[in-house]
Each structure stands twice: as structure tokens, then as C-alpha cells.
């Protein structure tokens with residue numbers, strides 16, 4: 001498990017790593033977005049941040065059913081109340097929407113592999129586009145626009161996004177997330193010298209996460 005993380009995600013440096021498992025179409029990850037940004041700001045000098053695409057619903061081919069829409073709406077309302085993140089509920093007026101999170105995950109992986117410093121800005125932009133702006137981030141044309149919005153050349157992004165290498169790299173992320181024992185999103189793991197520990201699994205606020213994060217950094221520090 002830890003060897004794969006080391007090989008695939010360049011974790012062999014002096015600093016420990018925080019491995020963030022998220023998905024652009026995970027509403028609780030959207031809720032956690034301000035938290036992970038504050039963690040990066042407060043702990044970025046102590047631990048490197050690695051983002052893995054968790055793959056919430058990759059490869060879905062069937063349109064959303066009425067039951068699925070109702071369940072998703074309930075999640076969104078809960079996230080809105082607890083985390084305060086905005087949502088455009090006009091999404092639920094869409095007909096025959098296919099909730100396939102592979103394309104936005106691949107967009108995230110594409111940015112991470114070519115412009116790692118823009119990984120979290122891309123994740124934030126994808127989240128905002130989907131949840132706050134009701135844009136279809138399963139559409140490659142929309143993904144190009146989102147990439148352009150964080151300063152990337154849309155043609156270069158599209159070429160990399162459509163490549164077999166990025167498709168495989170994205171599947172590698174999904175496989176590794178499951179190998180790491182992912183049971184829900186968002187998940188934040190601590191990685192140091194072939195040891196992997198769970199900092200938080202599921203949404204928690206910054207104050208709740210900080211104590212476990214501080215404890216882990218003390219242990220590895």
C-alpha cells in the first residue's frame with residue numbers, strides 16, 4: 001500500500017505528506033474546500049499536500065433516477081446547512097443527467113500532472129462550476145473553460161486531457177484510493193516513511209481536524 005503511494009506520488013522526501021482524497025462531484029468535498037485550503041495555508045511548510053482523485057461515480061452511464069436525484073438533493077442541503085457552501089439547486093431541473101465523475105477527475109489529474117501548483121485551484125474551480133454555477137463538468141468543453149479560467153491554455157489542456165496517459169493515470173488514482181482503504185470522501189491521510197494514517201474521513205470543520213493533524217505531525221516530527 002504505502003510503497004505504491006511512494007512510487008506513484010513522489011512521497012520520498014524529507015517532509016511528510018498529507019494525501020487528500022477528493023472528487024469534483026462530491027458535495028461533501030465542496031463543503032470541505034475551505035477547510036483544505038486553510039490546512040494548506042497553516043500546515044504547508046510542515047507537510048506536502050498531495051491530491052488524489054477518489055472517483056465517486058466513475059464510469060456511470062445511466063441517467064439519474066428520481067430516487068438518486070432526491071438522495072443527492074438531500075446531501076446538498078445537508079452540506080449547505082453544515083458547511084455553508086453555496087449550491088445552485090437548478091441542477092435538479094436537468095433531464096437525463098449522467099453523474100459520471102470520471103471526466104472531472106481526469107481534468108483534475110491532468111492539471112496535477114502538468115501544473116501541480118494549480119491542483120487545488122483546479123479542484124476549487126471544478127467544485128464551484130458544478131455546485132455554485134450549475135455547469136456540466138462532465139462536458140469536455142466546460143472542462144476546457146474551467147481550465148482556462150485558472151490560467152491554462154485550453155488547447156494544451158484538452159490535448160493532455162484526452163490522452164491515454166491521463167486516462168490511465170486517473171484510473172491509477174481510483175485504484176490507489178481503494179488500496180488505501182477509502183470508505184468515503186473527503187478523506188485526509190498522513191503519510192510518512194511508508195506509514196499511512198487517517199487524519200479525517202468525511203467532512204469535519206477545521207477546529208475538529210486540527211487536533212488530529214497536530215497530533216500526527218508531533219508523532220512524525
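Just one residue in the set 181, 202 is within 16 Å of residue 26 (Cα to Cα) and either surrounded by fewer than 16 Cβ atoms within 10 Å (Cβ to Cβ) or out of contact with any helix residue (DSSP H, G or I) (no Cβ under 7 Å at 6 or more places or on another chain) (or both); that residue is 202.
Of all residues in the stretch 151-178, those that are surrounded by 16 or more Cβ atoms within 10 Å (Cβ to Cβ) and over 14 Å from residue 113 (Cα atoms) total 4. Note on the stretch 180-221: among residues that are assigned to a helix (DSSP H, G or I) and within 18 Å of the chain's Cα centre (by Cα), the one that is farthest from residue 78 (Cα to Cα) is 209.
Regarding residue 177, is this residue in contact (Cβ under 8 Å) with a residue 24 or more places away in the chain and either more than 15 Å from the chain's Cα centre (by Cα) or under 17 Å from residue 19 (Cα atoms) (or both)?
Answer is yes for this residue.
Scoring residue 97 on the criteria (1) surrounded by 13 or more Cβ atoms within 10 Å (Cβ to Cβ); (2) touching a helix residue (DSSP H, G or I) at 6+ places or on another chain (Cβ under 6 Å); (3) without any contact (Cβ under 8 Å) to a residue 60 or more places away in the chain leaves a single failure, condition (2). You will find that of 90, 59, the residue that is at positive phi and either free of Cβ contacts under 8 Å to residues at least 60 places away in the same chain or assigned to a loop (DSSP other than H, G, I, E, B) (or both) is 59 and no other. The set of residues in the stretch 134-172 being on the phi > 0 side of the Ramachandran plot and either in a helix (DSSP H, G or I) or free of Cβ contacts under 8 Å to residues at least 40 places away in the same chain (or both) consists of 151 alone. Can you find even one residue in the stretch 44-53 that is assigned to a loop (DSSP other than H, G, I, E, B), in contact with a helix residue (DSSP H, G or I) (Cβ under 7 Å, 6 or more places away or on another chain), within 20 Å of residue 144 (Cα to Cα) and at pLDDT 95 or above? For the stretch 44-53, residues assigned to a loop (DSSP other than H, G, I, E, B), in contact with a helix residue (DSSP H, G or I) (Cβ under 7 Å, 6 or more places away or on another chain), within 20 Å of residue 144 (Cα to Cα) and at pLDDT 95 or above: absent.
Across the stretch 93-120, the qualifying residues are those that are more than 16 Å from the chain's Cα centre (by Cα) and part of a loop (DSSP other than H, G, I, E, B), and the one among them that is nearest to residue 49 (Cα to Cα) is 98. If the condition is being farther than 17 Å from residue 54 by Cα and crowded, with 17+ Cβ neighbours inside 10 Å, then the stretch 184-199 contributes only 192. Among all residues of the stretch 13-26, there is none that is at pLDDT 95 or above and assigned to a helix (DSSP H, G or I).
The values are calculated or read from the model by the stated rules, or taken from the named source; none is laboratory data. Computed from a predicted structure; not experimentally measured. Using ideal geometry, Cβ is built from the backbone for each residue, glycine included, and neighbour counts are taken over all protein chains shown.
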